[in-house]
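First up is the structure itself, then whatever we jot down about it.
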Amino acid sequence: SSDDLVPGDVVAVARQTGFSVSGQDMNRIPCDMLLIQGEVVANEAMLTGESVPQLRFAALSESAHLDVKGAHRQHILSAGTSIVMHRPGSGSLTAPAEAAVAVVLRTGFDTTQGKLVRTILFSVDRVTVSSKDAFYFLGILLFCAVLSAAYVLREGLSDPERSRFKLFLACSHIITNVVPPEFPITLSLAVTLSLVQLLSNHVYCTEPFRVPFAGQIDCCCFDKTGTLTAEQLEVDAVHGLADCASSESGVGSPGLPQSLPFHTMAVMAGCNSSTVVDGELVGDPLDKAAMQSVLWSMIVPDMVSSSDGREKLQILQRFPFRSELARMSVVARHVGRGGDWMPSVVPSATVVSAASFLILAKGSPESLRPLLAEVPADYDEIVDGLGRRGMRVICLAWRPAEKRSYQRDEAESKLTFAGLLVLKSRIKAHTISALRSLRLASQKMVMITGDHPLTAAQVSLETGLATLPPLLLGRNSEGALQWSSVHENDVVPFDASQLEHLAQRNTLVVPGPELALLPGELVAPMSRAVQVYARTSPQQKESIVQAMNDQGMITMMVGDGTNDVGALKRAHVGVSLLNSPALPRRLGLPNRDDMARPSVQLGDASIASPFTHKGESVKVVLTIMRCGRATLSTVIMMYKIMALNSLASAFAMSVLSLDGVKLGDGQTAIESVFISMFFFLVSRSQPAPKLVQARPTKSIFEWPVLLSLVLQSTLHVSVLITGWTLAKSHRPLDYKPDKDGDFEPNWVNTTVFLITAGMHLSSFLANYQGAPFLVPITQNRGFMAGVGIFFSVMFF
């Protein structure tokens with residue numbers, strides 16, 4: 001329990017079985033910790049939305065400052081995550097039950113989980129569309145109420161026979177009725193019912209005030225892998241090896257019909273961050289695909305073996321993947337035949353077993369290129385060609401090792417090229433149709449990914465996110481920035497003033513390294529023109545979204561993993577996709593559905609971003625935007641209806657009350673009940689089934705809304721005055737208004753009551769938004785039934 005821990009405590013971390021006495025998961029990590037000895041596989045799906053358990057390593061003794069979000073993220077165990085497996089490791093500290101060892105960094109609300117929970121519980125933003133609009137709106141209504149009360153007060157004080165106490169009550173009654181007391185709950189109702197609608201579509205929202213923002217989206221940003229394309233990867237082939245020809249007798253699976261050199265297979269199988277849990281391989285989909293394609297398997301944690309059992313690799317030291325480095329490497333001990341043999345060429349019986357140490361590395365082609373002792377002549381040409389086909393390219397490299405332990409810089413140097421591993425991932429089922437709907441709605445779409453620029457450009461064309469020829473930002477031989485065509489040899493010098501012009505004819509693709517070279521003041525305006533960002537780090541993803549926000553755009557970010565969390569929180573509408581809802585059950589972890597209390601626990605994935613979808617389809621973006629537009633339209637409708645009702649009440653309770661016009665308690669009660677019922681029923685209107693190019697009105701103070709209010713108010717007051725005047729003609733000639741008397745039915749009171757009731761009903765009918773953001777009013781069966789009952793009660 002975090003109640004027993006303080007920062008600086010050294011604790012043992014181990015997986016337990018079952019639940020504690022209080023029913024809590026015993027494997028739930030209670031605070032943020034730095035792992036200093038051993039390894040832990042943590043299920044972070046409930047915190048970040050990452051569907052794959054993450055392997056966390058012990059931090060090496062470094063002099064650098066601790067960077068929890070960046071360089072040292074692989075060593076951090078976050079509060080709210082669950083322990084899937086642990087290994088003790090070797091070190092000077094002795095832990096009970098062969099547990100891993102960690103140091104407590106933060107507890108309570110200071111943890112990553114705690115900060116997210118604090119955002120939910122204590123956010124200053126509440127369920128409103130715009131606090132500024134609300135204050136102005138209430139201020140105007142208060143001004144009208146004060147004018148009406150002042151008029152009644154002046155007339156009342158001029159009458160010496162009128163009770164001063166009842167005059168005070170009349171004035172206070174005017175103020176409390178003209179400024180509607182139901183104002184907060186009415187606006188919150190629209191947002192709350194939208195949350196119910198989202199929940200029915202498996203979308204969970206932890207920050208309700210962001211729902212109206214979903215109706216104002218200017219730009220939709222998408223991650224690629226795991227969001228637009230599936231996480232499951234398939235190995236296509238290994239390119240760049242002159243002696244590696246396709247062969248039906250090769251080692252590969254049907255997706256890899258070629259024989260590979262031993263060292264290539266060693267990198268594919270041994271350079272990984274995966275582990276084995278209950279006999280199942282758990283880790284990065286790329287590691288699993290590469291290992292399975294060469295028919296190797298992990299027999300125990302950190303030990304992989306070929307299918308015939310003659311070759312084994314034991315991982316002795318691991319340098320984990322880091323986003324800023326875009327590579328990983330391991331030091332492994334090899335037991336087997338070794339050498340540069342190929343299975344289809346060298347019979348197993350003719351090779352003598354040997355033991356040796358190897359350094360195995362893999363990463364992006366750009367990151368490993370400077371580390372290669374010799375770069376193949378056609379290296380860049382092959383990488384660019386594969387990228388144009390939309391493939392994911394991983395460079396493989398190795399070299400012999402003289403010892404068991406290295407510093408990272410020493411290990412990752414003078415490497416020998418071992419091939420380019422090419423993987424492909426299918427586009428998700430609903431991606432193309434969802435992006436087509438966004439494009440038809442004239443919605444700006446941007447891809448922000450860490451993949452290769454050419455791969456990102458090709459996927460953007462295949463999915464329909466972009467339709468124009470790609471233009472890639474790069475550097476010439478002198479280091480100057482320039483635009484180059486992907487499919488042609490056209491080169492255009494970089495000119496910031498020409499960005500808008502280029503964007504009209506091309507899809508601009510900006511890699512992260514080139515983005516880092518641009519002046520800070522240019523990044524924000526550039527975000528309006530660029531449609532694809534590639535090779536971006538998590539920090540760059542966040543800064544890109546912030547740049548769009550600085551340009552006044554309302555942004556949506558859709559992602560699926562840890563690298564997207566910063567951008568998800570930075571966007572106005574962040575949507576996290578949970579790609580593997582069945583993951584806890586598959587790993588033998590407790591499932592909330594099986595627990596006695598199906599409550600949402602702190603650390604659930606629903607707090608990784610404002611919106612979390614329990615599914616993997618980006619089609620949910622359409623649902624969120626439709627609900628957002630419907631909410632915004634409903635709230636504007638509420639503003640207009642309350643404004644009209646308040647202005648009518650101000651006139652009726654001031655001018656008409658001085659003429660002795662009164663409403664009975666029964667009449668007032670019935671009318672109030674029906675108005676409340678109508679507010680609830682119109683709030684339940686379903687969103688329109690399709691997105692359109694039109695955008696809903698964002699503010700009550702836009703001139704079309706104000707003009708509508710003025711015209712409707714004029715019409716309502718005119719009808720009320722006309723009815724009142726006609727009804728007065730039926731009064732006795734000696735009629736004297738009794739301003740403080742009790743209600744008595746007469747022509748004037750009944751006429752004013754019916755006209756007022758009709759005005760209230762007409763304000764709902766005339767201001768119902770309907771298409772294109774809500775379903776037609778005739779499809780709101782509850783409201784139509786309420787209208788029928790209203791007519792029956794009022795006029796029959």
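The values are calculated or read from the model by the stated rules, or taken from the named source; none is laboratory data. Just so it is clear, the model here is predicted, and its values are computed rather than measured. Note: ideal-geometry Cβ built from the backbone for every residue, glycine included; neighbour counts use all protein chains shown. Side chains are part of the model used for accessible areas, which takes the heavy atoms of the whole protein and leaves out ligands, DNA and RNA. Shrake-Rupley method; radii C 1.70, N 1.55, O 1.52, S 1.80 Å.
Brief remarks follow.
- Residue check for A361: open to solvent by 40 Å² or more (accessible area, probe 1.4 Å), of a type in the set (A, V, I, L, M) and more than 31 Å from the chain's Cα centre (by Cα): no
- Leading residue by the ranking (modelled with the lowest pLDDT) among those in segment 419-435 that are among the charged types (D, E, K, R) and more than 20 Å from the chain's Cα centre (by Cα): K424
- Residue within segment 670-682 that is surrounded by fewer than 15 Cβ atoms within 10 Å (Cβ to Cβ), more than 24 Å from the chain's Cα centre (by Cα), among the β-branched types (V, I, T) and part of a helix (DSSP H, G or I) present: yes
- Any hit, segment 116-136, residues being surrounded by 13 or more Cβ atoms within 10 Å (Cβ to Cβ), touching a helix residue (DSSP H, G or I) at 6+ places or on another chain (Cβ under 7 Å), modelled with pLDDT of 70 or more and more than 21 Å from F321 (Cβ to Cβ): no
- Of all the residues in segment 454-473, those that are touching a residue at least 40 places away in the same chain (Cβ under 8 Å) and either open to solvent by 10 Å² or more (accessible area, probe 1.4 Å) or touching a helix residue (DSSP H, G or I) at 6+ places or on another chain (Cβ under 6 Å) (or both) number 11.
- Just one residue in the set V748, V717 is open to solvent by 40 Å² or more (accessible area, probe 1.4 Å) and in contact with a Leu (Cβ under 9 Å, 6 or more places away or on another chain); that residue is V717.
- The C-beta contact set for segment 190-205 (first residue open to solvent by 40 Å² or more (accessible area, probe 1.4 Å), second residue modelled with pLDDT under 85 and among the acidic types (D, E), distance under 9 angstrom, 6+ apart or interchain) comprises Y204/D604.
- Of all residues in segment 286-314, those that are touching a residue at least 40 places away in the same chain (Cβ under 8 Å) and in a strand (DSSP E or B) have Cβ atoms under 6 Å from Cβ atoms of residues that are among the aliphatic types (A, V, I, L, M) and open to solvent by less than 40 Å² (accessible area, probe 1.4 Å), 6 or more apart or on another chain, in L313/V304; L313/A332.
- Neighbours by Cβ (under 9 Å, 6+ apart or cross-chain): first from segment 140-155, closer than 25 Å to F701 by Cβ and open to solvent by less than 60 Å² (accessible area, probe 1.4 Å); second outside any helix (DSSP H, G or I) and not aliphatic (A, V, I, L, M): L141/P180
- Residue satisfying all of: in segment 365-418; at pLDDT 90 or above and among the basic types (K, R); surrounded by the most Cβ atoms within 10 Å (Cβ to Cβ) among these: R399
- Close pairs (8 angstrom Cβ cut-off, 6 or more residues apart or separate chains): closer than 20 Å to A643 by Cβ and at pLDDT below 85 in segment 763-789, surrounded by 17 or more Cβ atoms within 10 Å (Cβ to Cβ) and not charged (D, E, K, R) anywhere: Q769/S633; Q769/T634; Q769/I636; Q769/M637; Q769/P696; G770/I777
- Identification of strands (runs of 3 or more DSSP E) wholly contained in segment 1-88 with 3 or more residues that are at pLDDT 80 or above and among the β-branched types (V, I, T) yields 10-13.
- Filtered by the rule that a residue be part of a helix (DSSP H, G or I) and either modelled with pLDDT of 80 or more or surrounded by 14 or more Cβ atoms within 10 Å (Cβ to Cβ) (or both), segment 170-183 gives A170, C171, S172, H173, I174, I175, N177, V178, F183.
- Every residue from segment 528-551 that is free of Cβ contacts under 8 Å to residues at least 40 places away in the same chain and not in a helix (DSSP H, G or I): R528, A529, Q551
- Of the criteria (1) in contact with a strand residue (DSSP E or B) (Cβ under 6 Å, 6 or more places away or on another chain); (2) open to solvent by less than 30 Å² (accessible area, probe 1.4 Å); (3) at negative phi, which one T431 fails: (1)
- Unique match (being assigned to a strand (DSSP E or B) and of a type in the set (A, V, I, L, M, F, W, C)) among L435, L472, L468: L472
- Listed by first and then second residue, the pairs linking a residue in segment 89-111 that is open to solvent by less than 90 Å² (accessible area, probe 1.4 Å) to a residue that is assigned to a helix (DSSP H, G or I), with Cβ atoms under 7 Å apart and 6 or more places separating them unless they lie on different chains, are T107/S2; G108/S2; G108/G114.
- Test for P704: is it modelled with pLDDT under 80 and either open to solvent by less than 70 Å² (accessible area, probe 1.4 Å) or not in a helix (DSSP H, G or I) (or both): no
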